[in-house]
Amino acid sequence: MAVGRPRRGRRHEPPTVTRLLREHPRIDVELDDTGRLTAILWNGRREAVDVCNRWRVEEAWWRDPIARDYVKVVGERWLALVYLDRIAGTWHLERLYD
């Protein structure tokens, strides 16, 4: 069989690069003494992480406000985008990168 060709009877599917999670599941996090994110706890697993980037989003303050602190993190098994919902005070997983 030639390299890169799908096996007979199987549909060729491109590799997944990122998964945007519809529900943005709630996660638990660990913070250090300065408030910096150090680990994510989700789906029964703990992942120590380093922060790559962070930014703040505030939108629609006149209707249904969104106030989030986004953090892109990297760990041994994950590259992920998480956010703190500053209104509810909860952390959520928005995207996983492969």
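Only the coordinates and a few stated rules stand behind these numbers; no lab work does. Just so we're clear, the structure is a prediction, and the values are computed from it rather than from any experiment. Positions of Cβ are backbone-derived with ideal geometry, glycine not excepted, and every protein chain shown enters the neighbour counts.
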remark   = Here the alpha-carbon Rg of segment 18-93 over 2.2 N^0.38 Å rounds to 1.11
ask   = Say each of Val74 and Arg46 gets a label point 7 Å from the Cα, pointing the same way as Cα to Cβ; how far apart are those two points in nm?
value = 2.3 nm
query = Listed highest first by mean packing, meaning other Cβ atoms within 10 Å per residue, what order do 75-83, 40-48, 26-34 come in?
reply = 75-83, 40-48, 26-34
